[in-house]
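Since the structure comes first, as structure tokens, the remarks are kept for the end.
The values are calculated or read from the model by the stated rules, or taken from the named source; none is laboratory data. Treat the numbers as computed from the prediction; the structure is a model and nothing was measured. Glycine gets a Cβ as well: all are built from the backbone with ideal geometry, and neighbour counts include every protein chain shown. For accessibility, only protein heavy atoms count, side chains too; no ligands or nucleic acids. Shrake-Rupley method; radii C 1.70, N 1.55, O 1.52, S 1.80 Å.
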Amino acid sequence: MTSTDSALAATPASPDESSRHGTGTKATRVLGVATIVSMGWLLVFGLGFSPADRDQEEAVRILYVHVPTIWVAYLGFAVTALCSGIYLFGKKKSLQLDRIAGASAEIAVAFVAVTLAVGAMWGRITWGVYWQWDARLTTTALLFVTYIGYLAVRRLGGSHEQRAKRSAVIGLIAVLEVPLVHWSVRLWRSLHQEATVLNPDDGVQIDGLMLFSLFVGVIAFTLLYAWLLLHRSRGMWMEDVLDDRGLDDALAARRAEAGGRPSPEPAGETS
Amino acid sequence: MNSAPTTWRIARLVAAKDLRVEWHSRIATNQVLPFAAVTMVIFAFALDSDAVLQRVAPGLVWLATLFSVLVLVQRAFAVEAEDGALEATRVAGVDPRAIYLGKALALGLQLFVLEIVLLVAAVVLYAQSVPLEGALLLTATLISATCGLAAVGILYGGLTAGQSGRETLLPLLTLPAVAPVLIGATRATEAARGTAGAVVSDGWPWLGLLAVFAVAFGVGGALAFGPLIDE
């Protein structure tokens, strides 16, 4: 447990802390408002101002959710890997890093689920099928399952430090896994639409207003990610504190009980 | 200077111990092998077409191998968990890398034997044959895929050993991780036996993938195993 954790867990909460219910602060409230505003902006641009595509027609609007969610999910997985690495190799073993890694992975998994769901809708309209065994789709599906596994490892139990170390290792192994999976499925097959925005070969070819809507989507979902990350990692911190307090309370209760009536049982049990 | 030879020596001892335990318990031969064989039979029930079976036989061999890996990994750590042997070995100061390599070696040898049996089953049940020019590719594929599977299996087996819910967590972690092995080994086996017009030279890039996978997970696993099993 880090020093800040123990201080907060042991001392009675400061007036400011005790009056606070939930995980919100001024910063998250500002961030939350910004998220709502940018989501509204995305709605207006994605459904209103942005034109229909020549080939994909109205289905192109799905991409204003599909593309930003997967980008932000990659960002989330990168944050998980980074925090795992710092936790494992850094000098200061801060559980806060572990909680950020876990919260980030949870949000990223949810975002990948959104990407896959809306991608299937888009595929049904554009390709005629929900799913194609194409390299990027298959990699994404396996990435999704890999991080569900990571989240399951986080719930294995044991002390907080054990959880932190274990999940940091698994968080880094996932980084080893994903490129190998990608390489294998790319060798296997590839027909996904080439990336248009980050294509190094030629300049951006998509309509300006479409690109702008996509950009709005990226901002909106990044803000949502940051807002969720702050709340979730604080929620996890509270769970940890509750866990520690519960254990302390149980120990104290047991001691009081044992002190109340002298009994030979404990000695008998240990022998 | 002499830490590397010691690691290898301990790894060999651990592997010999595991294989001896397996040999005496007979579970691998009396339960896992029959399990793999019955898997090959029920694939035929599900697919119900000689032509389809012949076409997909290499994939079925590797799928049956994958299922058996899960069973064998559970075995490899059930042996350790029963009387806290893994903790005892760690407390005795044995290098976790040596434990990892030793257990992976023992698992790999068992898998290799199992794969040979499954290949023979495929020859008998699914009318498969391997042309002579594909034999080298097939052997190399068997070895590198086995190393990769053993490396992943022992890594996640060690993590889930002694945890509640390990039976379900192990497949969840292992199957996505070994997906490249399934794809690579199946394509290479198809190339080796010329399934659906494949030629032997098609198999070499897949062998490269399998080799890189085995090395990456072998090294990564050896480094990660200690922190994962530490209490």
### Task
Check each residue of the range A:124-150 and keep those whose accessible area, probe 1.4 Å, is at least 10 Å² smaller with all protein chains in place than in the chain alone; give them in order of residue number.
A:LEU142, A:VAL145, A:THR146, A:ILE148, A:GLY149
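Could you provide, to the nearest whole Å², the per residue accessible area of the protein assembly as shown with probe 1.4 Å? Write out the running numbers ahead of the final one.
Working: 24710 Å² over 502 residues.
Solvent-accessible surface per residue comes out at 49 Å².
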## Note on the structure
Log entry: pair-distance distribution for the range B:3-230, C-alpha pairs binned every 10 Å from zero, whole % per bin is 8, 33, 34, 18, 6, 0
### GNM result for chain B, Cα springs below 10 Å: residue of B:PHE77, B:PHE45, B:PHE217 fluctuating most strongly
B:PHE45
### Message
For the interface of chains B and A, what total accessible area is buried with a 1.4 Å probe, rounded to the nearest 100 Å²?
### Response
2200
## Note on the structure
HN-Hα couplings for the range B:169-182 via Karplus (6.51, -1.76, 1.60; θ = phi - 60°), in whole Hz with x for Gly/Pro, come out as 6, 4, x, 4, 7, 6, 4, x, 5, 8, 3, x, 5, 4
#### Entry: By accessible area with a 1.4 Å probe, ligands and nucleic acids excluded, highest first: order of A:SER184, B:SER129
B:SER129, A:SER184
### Task
Mind grabbing the accessible area of A:GLU239 for me, 1.4 Å probe, Å², rounded to tens?
100
### Task
Subtracting the Cα-Cα distance from 0.36 nm times the residue separation, let me have the gained length for B:ALA85 to B:PHE35 in nm, one decimal.
15.3 nm
### Message
Between helix B:50-81 and chain B, what is the angle of the helix's C-alpha long axis to the longest principal axis, kept within 0 to 90° and rounded to the nearest 10?
### Response
10
#### Entry: Carbon and sulfur %, accessible surface of the protein assembly as shown computed with the full protein complex present, 1.4 Å
67
### Query
Once you sort the root eigenvalues of the Cα gyration tensor of the range B:107-146 as a ≥ b ≥ c, which label holds: rounded (a/c under 1.5), prolate (a/b larger than b/c) or oblate (the other case)?
oblate
### Query
About its Cα centre, what dipole magnitude does the range A:19-88 give when the only charges are +1 on Lys and Arg Cβ and -1 on Asp and Glu Cβ, stated in debye to the nearest 20?
540
### Query
So what is the relative contact order for chain B, in percent, with contacts set as C-alpha pairs under 8 Å and at least six apart?
26
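For B:ILE99, B:ILE10, write out the residues from largest to smallest accessible area, computed with a 1.4 angstrom probe and no ligands counted.
Largest accessible area first, the residues go B:ILE10, B:ILE99.
With +1 on each Lys and Arg Cβ and -1 on each Asp and Glu Cβ, and nothing else charged, work out how big the dipole of the range B:3-230 is about its Cα centre, in Debye to the nearest 20. Display every interim value, and only then the final one.
Working: 13 positive and 15 negative charges, 70 e Å.
Computed charge dipole of the range B:3-230: roughly 340 debye.
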### Task
At 1.4 Å probe size, with no ligands or nucleic acids counted, give the accessible surface of A:THR138 in Å², nearest ten.
10
### Query
Say each of B:ILE42 and B:LEU109 gets a label point 7 Å from the Cα, pointing the same way as Cα to Cβ; how far apart are those two points in nm?
3.0
### Message
Output wanted: per-residue J couplings in Hz (rounded whole) for the range A:87-92, from phi through Karplus 6.51 cos²θ - 1.76 cosθ + 1.60, θ = phi - 60°, x for Gly and Pro.
### Response
4, 6, 9, x, 7, 8
#### Entry: Under Karplus coefficients 6.51, -1.76 and 1.60, residue-wise ³J(HN,Hα) of the range B:91-108 in Hz, glycine/proline x
5, 5, x, 6, 4, x, 4, 5, 4, 4, 5, x, 5, 5, 4, 5, 5, x
### Query
For the pair A:LYS93 and B:THR168, what calculated FRET efficiency results from E = 1/(1 + (r/R0)^6), where r is the Cβ-Cβ distance and R0 = 30 Å, to the nearest 0.05?
0.50
### Task
Kindly sort B:LEU138, A:LEU247, A:LEU88 by accessible area of their heavy atoms, largest first, with the probe set to 1.4 Å.
A:LEU247, A:LEU88, B:LEU138
### Query
List the lysines whose alpha-carbon lies under 18 Å from that of A:LYS93, not counting same-chain residues fewer than 8 positions away?
A:LYS165
### Task
Pull out a ≥ b ≥ c, the square roots of the eigenvalues of the alpha-carbon gyration tensor of the protein assembly as shown, then state rounded if a/c is under 1.5, prolate if not and a/b is larger than b/c, and oblate in the remaining case.
oblate
### Message
Suppose every Lys and Arg Cβ carries +1 and every Asp and Glu Cβ carries -1, with no other charges. What dipole size does the protein assembly as shown come out with about its Cα centre, to the nearest 20 debye?
### Response
600
### Query
Can you list the lysines whose alpha carbon sits under 16 Å from that of B:LYS103, skipping same-chain ones fewer than 8 residues off?
B:LYS17
### Query
Angle, helix B:33-47 long axis vs. longest principal axis of chain B, Cα atoms, 0 to 90°, nearest 10?
40
### Task
With all protein chains present, calculate the accessible area of A:TRP188 using a 1.4 Å probe and round the result to the nearest 10 Å².
80
